[in-house]
Amino acid sequence: MTKKIYIQQQKHLFDLSEGSTYLNGAYMSPQLKSVTNVGLKTVAQKGQPYKITPEDFFTQKEILKQRFATLVDAPDYKNMAIIPSASYGVANAANNIPFQKGEEIILVDEQFPSNVYAWQEVAKKHKVSITVIKPPKDFKDRGAKWNQNILNAISKKTAVVAMCNVHWADGTLFDLKAIRAKTKTMNSYLVIDGTQSVGALPFSIKEIEPDALICGGYKWMMGPYSIGMAYYSDAFNNGTPIEHNWMNRYNSEDFTGLTKYEDRFQEKAARYSVGESSNFILTPMLIKAIEQLIEWTPAAIQQYCKTISAKAVQELKDLGCFIEEDNFRAHHLFGVYLPENINLENLKTRLQQENIFVSFRGKAMRVSPNVYNSEEDFNQLLRVLIQNN
């Protein structure tokens with residue numbers, strides 16, 4: 001049996017000012033002080049380039065792949081690639097799925113654009129259609145019905161289901177195990193955008209068995225901007241990357257033989273890593289961030305967010321707000337659908353005046369806490385909402 005890990009508030013490890021209430025990790029995570037220190041140190045290293053050896057181009061990137069594999073419970077770190085953005089990772093997957101004319105791509109309604117545009121392009125190229133699964137119009141059993149609608153839509157003509165684990169706008173939780181089971185019966189690919197979940201919500205490659213998992217690193221993985229991670233299953237081992245760089249080719253470790261141009265790629269998903277993936281600044285920073293997440297565990301982070309938000313969630317519901325039921329939403333990211341009597345523009349102004357940071361996405365106020373938050377942060381948010389009710 002896995003031992004449960006309990007954590008307390010960790011605000012002291014971040015550089016957040018005392019006068020701010022930051023409930024906006026889904027926008028961008030604050031940076032751990034330890035990660036900032038790594039960045040400052042590695043920026044300075046470039047001042048003495050003669051200390052950067054050929055081996056340094058490969059050692060840290062391999063460590064990063066190993067740490068990410070641990071975080072997402074993957075059996076082989078060689079299935080990992082280093083990417084600069086979620087859109088880059090999605091494009092590598094989209095461009096290596098063997099579409100047949102007349103097939104379809106299933107998307108979830110109002111996904112983040114990084115997991116939409118690439119599918120629109122391949123749909124036009126291969127003459128396949130896109131089916132968007134919308135949520136129910138009413139709030140009753142909304143999450144359960146939305147999940148069922150996705151399952152019902154998957155058919156023999158479905159080439160790929162490209163979706164998130166939790167919806168970026170309101171935190172709706174999707175049953176990936178059930179969706180994966182259905183896609184397997186239809187021989188469909190499953191491509192997951194984990195940017196708004198991995199790091200704060202447990203995810204297991206062994207359990208879900210997706211074909212690809214794409215994660216931007218600057219949100220719940222608490223890393224810097226412009227670096228992320230991707231998992232590509234063995235189904236992609238012989239694919240063609242969207243970028244051809246020297247590092248993803250076989251035997252690139254031999255600097256003396258780089259002009260012996262290679263048709264072969266590095267093993268497994270290494271072919272999909274971005275050029276300069278050994279980034280001497282960002283790669284060590286993301287390693288440090290993921291190591292902290294592994295120590296805390298995503299399960300403990302999720303439980304902590306649930307604990308500090310539980311009282312406020314109930315009070316928000318009592319005010320007439322709709323928040324998805326616990327079984328169909330995340331606790332680190334959830335949408336608050338406000339009653340009509342609350343003046344939205346006045347609320348935004350008051351939140352800004354009080355230095356309370358949330359986001360507004362679609363029709364929902366998106367609240368996204370993490371270990372630097374406390375129950376008192378939610379009390380501050382409630383106080384402003386009650387005053388505007």
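Here are some notes:
- Checked against the criteria, S359 does not count as buried (at least 16 other Cβ atoms within 10 Å of the Cβ) and touching a helix residue (DSSP H, G or I) at 6+ places or on another chain (Cβ under 9 Å).
- Just one of the numbered conditions (1) in contact with a Lys or Arg (Cβ under 9 Å, 6 or more places away or on another chain); (2) assigned to a helix (DSSP H, G or I); (3) assigned by TED's automatic domain parsing to the domain that holds V367 is not true of H332: (2).
- Taking the range 107-131 as the range and being out of contact with any strand residue (DSSP E or B) (no Cβ under 8 Å at 6 or more places or on another chain), over 23 Å from K156 (Cβ atoms) and part of a helix (DSSP H, G or I) as the test, the residues that pass are P113, Y117, A118, E121.
- Residue match in the range 139-147 (condition: at pLDDT below 95, in contact with a helix residue (DSSP H, G or I) (Cβ under 7 Å, 6 or more places away or on another chain), surrounded by fewer than 20 Cβ atoms within 10 Å (Cβ to Cβ) and in a loop (DSSP other than H, G, I, E, B)): no
- Taking the conditions (1) surrounded by 14 or more Cβ atoms within 10 Å (Cβ to Cβ); (2) at pLDDT 95 or above in turn, P136 satisfies each one other than (2).
- Flag for M28 being closer than 30 Å to P241 by Cβ and either modelled with pLDDT under 95 or surrounded by 20 or more Cβ atoms within 10 Å (Cβ to Cβ) (or both): no
- Matching residues, the range 369-382, being out of contact with any Cys (no Cβ under 9 Å at 6 or more places or on another chain) and surrounded by 13 or more Cβ atoms within 10 Å (Cβ to Cβ): Y372, S374, E375, D377, F378, N379, Q380, L381, L382
- Residues of the range 252-268 include at least one that is at pLDDT 95 or above and outside any loop (DSSP other than H, G, I, E, B).
- Members of the range 32-73 that are closer than 19 Å to K268 by Cβ, hydroxyl-bearing (S, T, Y) and not in a helix (DSSP H, G or I): none
- Residue selected from the range 231-272 under the condition of a type in the set (D, E) and surrounded by 14 or more Cβ atoms within 10 Å (Cβ to Cβ), by the criterion farthest from G216 (Cα to Cα): E262
- In a residue-by-residue description of the range 122-143, the property of being in contact (Cβ under 8 Å) with a residue 40 or more places away in the chain and among the aliphatic types (A, V, I, L, M) applies to no position.
- Lone unmet requirement of (1) out of contact with any Leu (no Cβ under 8 Å at 6 or more places or on another chain); (2) among the β-branched types (V, I, T); (3) more than 26 Å from F255 (Cβ to Cβ) for V116: (1)
- Of all residues in the range 306-352 being buried (at least 19 other Cβ atoms within 10 Å of the Cβ) and among the β-branched types (V, I, T), the one that is nearest to V367 (Cα to Cα): V336
- Selection status of M365, outside the structural domain of I82 (by TED's automatic domain parsing) and crowded, with 23+ Cβ neighbours inside 10 Å: yes
Yes or no, residue by residue, for (1) of a type outside the set (S, T, N, Q); (2) in a strand (DSSP E or B); (3) touching a residue at least 60 places away in the same chain (Cβ under 8 Å); (4) within 30 Å of N96 (Cβ to Cβ):
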position: I287; (1), (2), (3), (4): yes, no, yes, yes
position: Q292; (1), (2), (3), (4): no, no, yes, no
position: A299; (1), (2), (3), (4): yes, no, yes, no
position: V313; (1), (2), (3), (4): yes, no, no, no
position: L381; (1), (2), (3), (4): yes, no, yes, no
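- Among the residues of the range 271-283, those that are farther than 13 Å from I63 by Cα and small (G, A, S) comprise S273, G275.
- In the set N373, N341, only one residue is within 24 Å of the chain's Cα centre (by Cα), part of a loop (DSSP other than H, G, I, E, B) and either not assigned by TED's automatic domain parsing to the domain that holds M222 or not acidic (D, E) (or both); that residue is N373.
- Of the listed requirements (1) within 21 Å of the chain's Cα centre (by Cα); (2) in a helix (DSSP H, G or I); (3) not assigned by TED's automatic domain parsing to the domain that holds D234, Q352 misses just one: (1).
- All of (1) part of a helix (DSSP H, G or I); (2) free of Cβ contacts under 8 Å to residues at least 24 places away in the same chain hold for I179 with one exception: (2).
The values are calculated or read from the model by the stated rules, or taken from the named source; none is laboratory data. Keep in mind that what you see is a predicted model, and the values were worked out from it rather than measured. A quick note on method: Cβ atoms are made from the backbone with ideal geometry, for glycine too, and the neighbour counts reach across all protein chains shown.
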